[in-house]
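Trainee: Quick one: the structure is below, and I'll ask about it shortly.
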């Protein structure tokens with residue numbers, strides 16, 4: 001199998017960390033792909049052109065973070081799987097919140113990459129407010145033990161905060177959120193986290 005990723009993508013970073021955590025490096029080759037590129041090596045496998053994309057042995061391509069995690073989880077015993085199930089609704093809810101915030105941060109960041117005269121102040125204000133609101137909810141989750149297990153919710157959160165730390169520095173996510181800051185800082189020594197740090201983005 002082959003996992004296509006982009007180094008700056010927080011979505012594909014979740015799955016890259018999963019490959020390491022589940023000890024699947026000998027079964028899943030990880031390959032970098034360019035995005036928004038008509039010559040990208042990804043496009044023959046996935047015409048959507050998004051990462052993560054997992055190409056199976058028969059050529060079937062699974063895309064989007066959660067379906068890719070489902071396929072990776074299927075390769076290991078149930079007790080090692082990363083996606084929380086219906087028996088852990090708080091972790092599943094937190095996972096969904098993290099992905100929702102990641103979507104909003106991506107929109108916000110994309111707006112800031114446009115020339116100033118093409119930016120939408122309304123979109124930026126909406127996504128900035130959403131980010132604060134969700135980050136506050138995630139702070140409460142972290143403070144009440146929702147992220148004590150290293151599952152998909154934990155890795156998604158670390159990936160999200162790592163993206164903000166390196167590529168969306170305009171968002172002061174650490175402010176008044178000590179539980180999130182402590183979780184993120186403690187996570188940095190974990191091999192799967194240390195080996196997938198995204199490149200720094202332009203200053204904003």
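The values are calculated or read from the model by the stated rules, or taken from the named source; none is laboratory data. Note that the coordinates shown come from a computational prediction; the quantities given were computed from them, not determined experimentally. Here the Cβ is made from the backbone with ideal geometry for all residues, glycine too, and neighbour counts use every protein chain on show.
Trainee: Looking at (1) buried (at least 17 other Cβ atoms within 10 Å of the Cβ); (2) in a loop (DSSP other than H, G, I, E, B), find the lone condition where residue 175 falls short.
Mentor: Looking at each condition in turn, residue 175 falls short on (1).
Trainee: Oh, and also: Looking at 156, 181, which is the one that is out of contact with any strand residue (DSSP E or B) (no Cβ under 7 Å at 6 or more places or on another chain), part of a helix (DSSP H, G or I) and over 24 Å from residue 23 (Cβ atoms)?
Mentor: Just one listed residue meets the conditions, 181.
Trainee: Select from the range 183-204 the residues that are over 15 Å from the mean Cα position of the chain (by Cα) and surrounded by fewer than 10 Cβ atoms within 10 Å (Cβ to Cβ) and list them in ascending order.
Mentor: 189, 202, 203
Trainee: May I pose another question? Considering each of 35, 75, 56, 69 in turn, give the residue that is crowded, with 16+ Cβ neighbours inside 10 Å and in contact (Cβ under 8 Å) with a residue 12 or more places away in the chain.
Mentor: Checking each option against the conditions leaves just 69.
Trainee: Based on what the data block shows, is residue 36 in a loop (DSSP other than H, G, I, E, B) and under 16 Å from the mean Cα position of the chain (by Cα)?
Mentor: no
Trainee: Taking the range 78-94, which residues are surrounded by fewer than 19 Cβ atoms within 10 Å (Cβ to Cβ) and in a helix (DSSP H, G or I)?
Mentor: The answer is 78, 79, 80, 89, 90, 92, 93.
To keep it simple, each residue is scored yes or no on (1) in a helix (DSSP H, G or I); (2) under 21 Å from residue 169 (Cβ atoms); (3) in the same structural domain as residue 173 (by TED's automatic domain parsing).
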{"residue": "96", "(1), (2), (3)": "yes, no, yes"}
{"residue": "107", "(1), (2), (3)": "yes, yes, yes"}
{"residue": "110", "(1), (2), (3)": "yes, yes, yes"}
{"residue": "117", "(1), (2), (3)": "yes, no, yes"}
{"residue": "123", "(1), (2), (3)": "yes, yes, yes"}
{"residue": "133", "(1), (2), (3)": "yes, yes, yes"}
{"residue": "140", "(1), (2), (3)": "yes, no, yes"}
{"residue": "147", "(1), (2), (3)": "no, no, yes"}
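Trainee: With respect to the numbered conditions (1) surrounded by 17 or more Cβ atoms within 10 Å (Cβ to Cβ); (2) outside any helix (DSSP H, G or I); (3) in contact with a strand residue (DSSP E or B) (Cβ under 8 Å, 6 or more places away or on another chain); (4) touching a residue at least 12 places away in the same chain (Cβ under 8 Å), which one is the sole condition not fulfilled by residue 41?
Mentor: (1)
Trainee: Still on this structure, please answer the following. Examine the range 4-16 for a residue that is assigned to a strand (DSSP E or B) and surrounded by fewer than 17 Cβ atoms within 10 Å (Cβ to Cβ), and state whether such a residue exists.
Mentor: no
Trainee: Let me ask something else about it. Exactly one condition in (1) over 24 Å from residue 53 (Cβ atoms); (2) in contact with a helix residue (DSSP H, G or I) (Cβ under 8 Å, 6 or more places away or on another chain) is false for residue 77; which is it?
Mentor: Of the numbered conditions (1) over 24 Å from residue 53 (Cβ atoms); (2) in contact with a helix residue (DSSP H, G or I) (Cβ under 8 Å, 6 or more places away or on another chain), the odd one out for residue 77 is (2).
Trainee: How many residues are over 19 Å from residue 66 (Cβ atoms) and surrounded by fewer than 17 Cβ atoms within 10 Å (Cβ to Cβ) when one looks only at the range 149-164?
Mentor: Final tally of qualifying residues: 0.
Trainee: Given (1) touching a helix residue (DSSP H, G or I) at 6+ places or on another chain (Cβ under 8 Å); (2) under 20 Å from residue 156 (Cβ atoms); (3) surrounded by fewer than 12 Cβ atoms within 10 Å (Cβ to Cβ), where does residue 25 come up short, assuming only one miss?
Mentor: The number of the failed condition is (2).
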